[in-house]
Structures are given as C-alpha cells and as structure tokens.
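The values are calculated or read from the model by the stated rules, or taken from the named source; none is laboratory data. Predicted, not measured: the structure shown is a model, and the values here were computed from it. Positions of Cβ are generated from backbone atoms using ideal geometry, with glycine treated the same way; all protein chains shown enter the neighbour counts. Ligands, DNA and RNA are stripped out before the accessible areas are found, and what is left, the full protein with its side chains, is counted by its heavy atoms. Shrake-Rupley method; radii C 1.70, N 1.55, O 1.52, S 1.80 Å.
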Amino acid sequence: MDPFVIVIFGASGDLTQRKLIPAIFQLYKTGYLPDNFAVLGISRTEFSDEDFRQSLFFDNKYVKKENADETSLTDFSSRLYYESIQTNEAADYGKVKARLQELDEQRQTGGNYLFYLSVPPFLYEKIPGYLAEHGLNEDADSWRRLIIEKPFGHDEDSARALNNRLCQFFEETQIFRIDHYLGKETVQNLLVTRFANGIFEPIWNRHYIDHIQITSAEDIGVEKRGGYYDDSGALRDMVQNHLLQVMAHIAMEPPTNADAKSIRNEKVKFFDSIRPIREKEVNKYVVRGQYIQSTVEGKSVPAYRQEEGIPEDSKTETYVALKAFVDNWRWADVPFYIRTGKRLPTKVTEVAVMFKSPPHHLFREEKGVRNEVNKLIIRIQPDEGLALQFGMKVPGAGFKVKDVYMDFHYSDLTNAYVPEAYERLIMDCLKGDATLYARGDAVEAAWRFVDPIVHAWKKDGHIKLHGYPAGSWGPSAAAALFEHPGVSWHNPCAELTPEEEFREL
Ligand code: BG6
C-alpha cells in the first residue's frame, strides 16, 4: 500500500472517536498499514497534538488496546497530529496545506491524502472547494481522495447538486461516498452467498420466492442525536441508504465481474427497476410510526417527543415499514417488505427470504402441521450467519411436521477476525477500490424512490403517524401491508435460530 496521510475533518466529533480512530488503529495493529503514514485531525476545537492523542486515542474507550504492546501504542499515537482551523474559512486551508507538506517531509507520506469529511452536511459543498483552491485536489504524481459521510443530500435534487459540486473539484474516481452497511462482512456475504453457490441462483426468483423481508431493528432511541434525527426520520436515516443497499445485494442481477464498475452498474440498474411508490399510493404501501412512552423490563422509557432536542409535536417517524416491487423479469410481483425502527425489542438486522409453499399440501390433514414455508434467514447482525428453515418429520406415528434449522454462524469460524465496517472501508479507499462505496448515480436513484414518500407525508395531513409503545415491534398497521391472511412479519430475536420456547429479546 502507498504511504498516506488521512485528514479527518470533524476530528473532535463522535464518529472520529467511536469509529475512525479505532478502525485506523485496528488496521495498524493487524499490519495492514504501510510504514509511512500519519493521521491529521482537523476541527475548530483548540487542541495540541498531545491533547488530540490523549483524548482520541489513549482515553478513547472504543479503541481496542488490549493485545497491543507499549511500543505500538506509542508509535501509533505519535502518528496522530492535529490542526485547529475555522473549517468554513477558505484562507485557513493554507494551514492545512502547510501542515501536510510538513508531514510529508517528516513521515515520508508522498503527498497521498485521504480527506475524510465527517462534518455537518453544509460543509460537504464547501470543503472540497477550499481544498481545490489550495491545489489539494490534484491527483497527479500522488493521489488525493475524498470520503463523504452520510447524509448525501436530503433528496434527489440536493444529492444531484452535491454530486455536481463535488465533480467541479474532484473526479468521480476520487470521490468515495460511504455507506457503512456496505462495509459489513455479512452484507458483502450476500453477494458471495448468491453468486459463489450454484444452489441459490436457480431458485432466486419469482417462481420460487413468495416474498422477501428486510428488518433492521434497534432497541435504542434517538439518544443525543435528536437535532439530526428529527429532520431526517427513519426513512431517510436508514432506508434511503443502508436498507436499499441491502435490498440491492439481495436482488440485483449477477454482475459480469466482481469489480467496482460491474457491481455498481448492476446496482444502478436494480435501483432503476424498483417501482416508484407514487404520492397518492403512500398510504397503501407505507406505514410510519413514532414511539410513545412505555415500560421496558420494568423501566420507564420516554416517548420520542420527550427526548432531548425533539419538539413536543414532532411528526418525525421513528419507524417505517413499506412494501416495494421490482419491475423486472426476475422479481415481477414479488413483494419486498422493508422495516426499520428505533425502540423496537432488540438490535437486529436480517433478511428473510420466504419461499413459496409446495404446490400440493400432502400433510395438511395432520394435526400440528406447519404452514409449509421454507425460510432462508440471512443475519446481518448480531449472531451473524445464515439459517435455512425447513420441515422435518416428527418421529412417531403419522406425519407430523416440525420446523428445523440448518444453520451457519460466523462465530464458528474461530480463526476468522471479522473486521469492523469502517476498517474495511477505510482500507479499500486507501487502496483506491470503490466497490463498496456508493456511486453518485446510485445515491440519486435511491433518493428518487424515497422522495415521493417524504413529500406525501409532508403534504397530506391525513396520512397516519401511528404511535407504538417503546419496546414493541412497531404499529400493528404494518401487518396490513401483507397480502395473504396468516402471512406477516417474521420477528427476529437476538439469536439466529431461537428455540421456539425461548426467545431472548
Ligand atoms: C446510522 C444511523 O447510519 O446507522 C443510525 O444514522 C443508526 O440512526 C445506525 O443507529 C445503525 O448502524 P448499525 O451499524 O449499528 O446497524
């Protein structure tokens, strides 16, 4: 790998502390980084290099320092530097340039810079321009790359405007739009499961699959992020980016190659084939909810409207469930159900592929017969793995059928270290590999799907916002999205394959 400097804008922020410094240290510890590299933190807070090292590295509880010897702790921390600037002042970028030149000399970093923008979104439009004014975008003898955090725009128009703006200063090949779900091993494994095996693809279509459910639940509330979240809501916070990406991995056509261009071309083709939900159909296809006060495990949990920074009359959704269709030969008429929410019973993300029942119900007469549906559960987190549910005969008289699982848990791979999403993504960017980053046209296409829903909610006061008790699985109205009686949400629990009698929530 080439030598480099990672320049983090927003260095005193939460993401730098929770994800970025821990990920870079982990990459260092695992031996993935070259001898010559440095990290330059930038933000408005007045810090010395020493303060930065202390607070973001030594005192940072998210950095896994166990198994690291003193020498590597000291060596890594000595590579962390800090520069305080007014991020909104063009002139201050001269200081950044001077500091980078200094580091190039001191650390032999060869002028390769990765600018990581972890700042409020209005700065996404400005910082690239300021960097360009000082020639810090020039990708000639050395490379210059830009990582942009979410949210990438707040609708299709703003995403396009941002893309255009960035492209004035940086080439598309230099721009890396991060979606941390793409860095999750298990999300990448969706592609491997589908395309490295011969057994799934033949049945991966409308002839064998009844419907697909994607659930991403969180048990936490909005925590300290009220200001951001109330403007965003669950649809824009989770569906527009993470869950549509998961859906693309589940449903896109096989790419011709496993490279960035082929995979990202297929994704855009897939996003273009998701049937738009028109504003007047929103009531039929989408259910929104907001958590209300409740008691969870004996503790009172406040309503969303009582959380810090949330207006008392907020209509922001903390839960959304929707039914989508994909208009292509593979998926015609197969519903995709997507839901996500805060303050649900547990933290879990999974995909459930529900197969069609056998054409002839041979064992229907038997007591205790199951619904005769095979499920493939692909668990993104936690207890990452894969489970296929199918019916087996209960020993004894008659033909009583019981559901059993054939399962694989990542944790069984004892030697495998599963990297954090940010580790993988930062490393890919350092190598110049954009496969796991969202391309500009894909981000715009994802907004195109989401925009009419947001508009309808804004315009039409009659569209219900359902209250749901914190700690529940969301509004019961979401069950009405299903088309057939008896078919509803598969509610996952903490374990991939729970015992029927015991489900840990
Ligand atoms: C973020 C959202 O992008 O993803 C958060 O802004 C959410 O609201 C988080 O909590 C979930 O990520 P993960 O990796 O914990 O599932």
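Numbers at a glance
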quantity: Rounded to 10°, Cα long-axis angle of helix 421-431 versus longest principal axis of the chain; calculated: 50
quantity: Translational diffusion coefficient (Stokes-Einstein; Kirkwood radius from C-alpha pairs) of the range 426-479 at 25 °C, 0.890 mPa s, in µm²/s; calculated: 164
quantity: Overall form of the range 161-244 per C-alpha gyration tensor (a/c, 1.5; a/b vs b/c); calculated: oblate
quantity: Area accessible to solvent at S314, 1.4 Å probe radius, in Å²; calculated: 10
quantity: Coarse-grained scattering of the range 4-149 at q = 0.12, 0.18, 0.19, 0.20 Å⁻¹, given as base-10 log I(q)/I(0) from a Debye sum over alpha-carbon atoms; calculated: -0.45, -1.05, -1.17, -1.30
quantity: Radius of gyration and maximum dimension Dmax of the range 107-167, Cα, Å; calculated: 12.7, 42
quantity: Enclosed volume per residue, in Å³, of the convex hull spanned by Cα atoms of the chain; calculated: 170
quantity: For the chain: accessible area per residue (Å², 1.4 Å); calculated: 45
quantity: Separation of the K269 and E253 label points, Cα + 7 Å toward Cβ, nm; calculated: 0.3
quantity: Separation in nanometres of the label points that stand 7 Å from Cα toward Cβ, at D157 and E133; calculated: 2.8
quantity: Cβ-based net charge around V394, under 9 Å, with every Lys or Arg adding one and every Asp or Glu removing one; calculated: +3
quantity: Stretch gain in nm, segment D403-S142, where the contour uses 0.36 nm per residue and the Cα spacing is subtracted; calculated: 88.2 nm
quantity: Calculated FRET efficiency for the pair D327/L73, C-beta based, R₀ 41 Å, to 0.05; calculated: 0.15
quantity: Extension gain from M1 to S476, taking 0.36 nm per residue of separation minus the Cα-Cα distance; calculated: 165.8 nm
quantity: Overall form of the range 403-505 per C-alpha gyration tensor (a/c, 1.5; a/b vs b/c); calculated: oblate
quantity: Between helix 185-195 and the chain: long-axis angle, C-alpha atoms, 0 to 90°, nearest 10; calculated: 60
quantity: Acute angle (nearest 10 degrees) that the helix 93-107 long axis makes with the longest principal axis of the chain, alpha-carbon atoms; calculated: 90
quantity: Rh by Kirkwood over Cα pairs, then Stokes-Einstein D for the range 232-290 at 1.002 mPa s and 20 °C, µm²/s; calculated: 164
quantity: Loop GluC sites (Glu not before Pro), the range 276-325, which have at most 16 other Cβ atoms in a 10 Å radius of their Cβ (DSSP); calculated: E297, E308, E312
quantity: Alpha-carbon centroids, the range 237-263 and the range 134-186: separation in whole Å; calculated: 18
quantity: Contact order relative to length of the range 4-149, as percent, for alpha carbon pairs under 8 angstrom and 6 or more apart; calculated: 31
quantity: Theoretical gain in end-to-end length, V192 to E172 [0.36 nm per residue, Cα-Cα removed]; calculated: 4.5 nm
